[in-house]
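Okay, so here's the structure we're looking at.
Rule-based calculations on the coordinates, nothing more; no lab input. Keep in mind that this is a model prediction, so the values were computed, not measured. Glycine gets a Cβ as well: all are built from the backbone with ideal geometry, and neighbour counts include every protein chain shown.
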């Protein structure tokens with residue numbers, strides 16, 4: 001949840017403190033295996049407020065299932081992050 005709150009606040013400095021260096025991110029448009037390109041990508045997105053449906057955690061691994069309206073006109077996508 002801390003990650004999601006920092007993204008919604010656009011607080012990328014705080015995000016750098018909680019996202020590990022060797023992040024594994026695979027989205028429908030991009031994929032990243034290092035934190036700096038991932039955070040730069042997030043900075044350039046204009047993300048709407050997330051509608052979290054479910055959160056799973058196992059030690060340091062976290063999975064968020066959420067809906068996010070993306071695009072023009074907005075289309076709601078179901079996302080796992």
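If R0 equals 22 Å, the separation of the Cβ atoms of residue 8 and residue 60 corresponds to a calculated FRET efficiency of about 0.55.
Candidate values [x] 3, 13, 17, 16, 12, 11, 9, 8, 6, 4, 2, 1, 0; [y] 3, 13, 24, 30, 22, 7, 1, 0; [z] 3, 14, 24, 22, 17, 10, 6, 3, 1, 0 were compared with P(r) over Cα pairs in 5 Å bins from 0, in percent computed on the shown model; the agreeing label is [y].
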